[in-house]
Amino acid sequence: MKSEAYLFAGLAVFFLLSDAAYTWFAREPAGITALSISFLMASVIAFFSMVNYRRKGARPEDRSDAEIQERTGRVDFFPPHSRHPVVTAVGATVVANGIVYGDWLILIGLGVLGLGVFGMAFEYNGRSGG
């Protein structure tokens, strides 16, 4: 997942630079909001991909000498119940509303969004793979 993490990190940097240029030249709230949210979403995916790469290492898809048989068997662990995706969605919604209604709401939304993202990334951190 290292290549995916780099891909989305590059995309996040692109959206950040585009957002800064758009803010400087256009000063139009709808476009600024769209680029800001795009930057945040790409950053979340890049962070999640990098954490998974560090936790699990390289996958057979990442190596050129891998065999098809290496990917057989159990695919992965999928958590049965988790509140963190809902917390992340609420945080993203509050951040988006904060861009419209005020900076104080953005700070609250970033806190909730951070709790959700870190919760999803580290919920089963101590779990041994199997």
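What the table below lists for this structure:
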{"quantity": "Filtered residues of the stretch 52-75 (kept if of a type outside the set (A, V, I, L, M, F, W, C), in a loop (DSSP other than H, G, I, E, B) and closer than 17 Å to Ala5 by Cβ)", "calculated": "Gly57, Arg59, Arg63"}
{"quantity": "In the stretch 17-47, the residues that are farther than 19 Å from Gly109 by Cα and assigned to a helix (DSSP H, G or I)", "calculated": "Leu17, Ser18, Asp19, Ala20, Ala21, Tyr22, Thr23, Trp24, Phe25, Gly31, Ala46"}
{"quantity": "Where Ala21 falls short, out of the listed (1) of a type outside the set (S, T, N, Q); (2) closer than 30 Å to Ile99 by Cα; (3) modelled with pLDDT under 95", "calculated": "(3)"}
{"quantity": "Criterion violated by Ser49 - all others in (1) hydroxyl-bearing (Ser, Thr, Tyr); (2) within 18 Å of the chain's Cα centre (by Cα); (3) exposed (fewer than 12 other Cβ atoms within 10 Å of the Cβ) satisfied", "calculated": "(3)"}
{"quantity": "Residue within the stretch 82-103 that is free of Cβ contacts under 8 Å to residues at least 24 places away in the same chain and surrounded by 15 or more Cβ atoms within 10 Å (Cβ to Cβ) present", "calculated": "yes"}
{"quantity": "Hits in the stretch 77-90 (condition: within 20 Å of Tyr124 (Cβ to Cβ) and not in a loop (DSSP other than H, G, I, E, B))", "calculated": "His84, Pro85, Val86, Val87, Thr88, Ala89"}
{"quantity": "Residue match in the stretch 53-73 (condition: free of Cβ contacts under 8 Å to residues at least 24 places away in the same chain and either within 24 Å of Val112 (Cα to Cα) or touching a Ser or Thr at 6+ places or on another chain (Cβ under 7 Å) (or both))", "calculated": "no"}
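To keep it simple, each residue is scored yes or no on (1) among the hydroxyl-bearing types (Ser, Thr, Tyr); (2) modelled with pLDDT of 95 or more; (3) closer than 23 Å to Arg54 by Cβ.
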residue: Phe78; (1), (2), (3): no, no, yes
residue: His81; (1), (2), (3): no, no, no
residue: Tyr101; (1), (2), (3): yes, no, no
residue: Gly109; (1), (2), (3): no, yes, no
residue: Ala121; (1), (2), (3): no, no, yes
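The values are calculated or read from the model by the stated rules, or taken from the named source; none is laboratory data. Predicted model only: the values in this text are computed from it and were never measured. Neighbour counts are summed over all protein chains in view; Cβ atoms, including those assigned to glycine, are modelled from backbone coordinates with ideal geometry.
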